[in-house]
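> Let me give you the structure first, and then I'll get to my questions.
The values are calculated or read from the model by the stated rules, or taken from the named source; none is laboratory data. All values reported here derive from a predicted model rather than from experimental measurement. Quick reminder, even Gly has a Cβ in these numbers, built from the backbone with ideal geometry, and neighbours come from all protein chains shown. These area figures cover heavy atoms from the full protein model, side chains too; ligands, DNA and RNA do not enter into them. Shrake-Rupley method; radii C 1.70, N 1.55, O 1.52, S 1.80 Å.
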Amino acid sequence: ITVYVFQMIPGLAWIPIAMLIFGLGETATVFIIAMTAIPPLVINTAGGIREVPSVYTRVARMSGKDDSTLFLRVLLPAASLSIINGMRIGLANGWRVLIAAEMVVGVGLGLGFSIYQSRYSLDFVSSFVCIIVICAIGLTIEKLLFVKLENMIRNRLGIDREGV
């Protein structure tokens with residue numbers, strides 16, 4: 001239940017807490033990102049494990065697998081596609097809050113800080129370029145990491161992409 005509470009808290013709401021605990025700087029930013037990115041990963045992992053067919057667990061138990069082997073060799077691989085989706089959501093949440101945190105608690109670096117600074121000079125072109133770079137980085141991570149990882153897991157599990 002605790003993770004669902006953290007899921008409901010907007011990432012930007014962690015800024016004053018992070019500033020009180022860690023002051024200004026990178027540690028506060030990392031804290032904010034973690035508090036925003038971890039809940040979707042945990043929720044999707046737990047949901048994926050709950051969706052594993054019970055026959056997998058029964059077969060593992062009948063073949064003498066202990067709890068840790070069951071978890072590491074049966075449940076996690078079977079839930080891996082849900083885990084990847086949790087990672088996608090967590091990355092998106094963390095990426096958004098990183099940009100926002102750079103505007104507030106950053107150390108004067110980053111795309112968020114650049115967008116924030118461009119408002120003083122009314123440099124809308126710089127703001128839009130930063131937004132395009134933010135999107136390009138996010139899409140690159142999606143295509144180079146998550147799509148390849150998902151396809152690799154689908155192949156390993158014998159799940160055909162066209163059948164989905």
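> Can you name the residue in region 86-122 that is polar (S, T, N, Q) and crowded, with 18+ Cβ neighbours inside 10 Å and is also modelled with the highest pLDDT among such residues?
The extreme case among them is Asn93.
> Search region 93-117 for residues that are more than 26 Å from Leu41 (Cβ to Cβ) and outside any helix (DSSP H, G or I) and pair each with any residue that is modelled with pLDDT under 80 and not polar (S, T, N, Q) when their beta-carbon atoms are under 6 Å apart and the residues are at least 6 apart or on different chains.
That search, which allows pairs on different chains as well, returns Val107/Gly25.
> Which condition does Val147 not pass, out of (1) closer than 26 Å to Ala28 by Cα; (2) in a helix (DSSP H, G or I); (3) open to solvent by less than 40 Å² (accessible area, probe 1.4 Å), if it passes all the others?
(1)
> Moving to a separate point now. Of all residues being open to solvent by 60 Å² or more (accessible area, probe 1.4 Å) and under 18 Å from the mean Cα position of the chain (by Cα) in region 10-19, which is nearest to Leu41 (Cα to Cα)? Just the residue, please.
My answer is Pro10.
Matching residues to (1) modelled with pLDDT of 95 or more; (2) among the aromatic types (Phe, Trp, Tyr):
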position	(1), (2)
Phe22	no, yes
Ile32	no, no
Pro39	yes, no
Tyr56	no, yes
Thr69	no, no
Leu76	no, no
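> Going by the structure shown, is Gly64 under 24 Å from the mean Cα position of the chain (by Cα) and either in a loop (DSSP other than H, G, I, E, B) or of a type outside the set (Val, Ile, Thr) (or both)?
no
> Is it the case, given these coordinates, that Leu75 is crowded, with 16+ Cβ neighbours inside 10 Å and in contact with a helix residue (DSSP H, G or I) (Cβ under 6 Å, 6 or more places away or on another chain)?
It is true that Leu75 is crowded, with 16+ Cβ neighbours inside 10 Å and in contact with a helix residue (DSSP H, G or I) (Cβ under 6 Å, 6 or more places away or on another chain).
> Can I ask one more? Based on what the data block shows, is Ile32 assigned to a helix (DSSP H, G or I), in contact (Cβ under 8 Å) with a residue 12 or more places away in the chain, in contact with a Ser or Thr (Cβ under 6 Å, 6 or more places away or on another chain) and open to solvent by less than 40 Å² (accessible area, probe 1.4 Å)?
In short, no.
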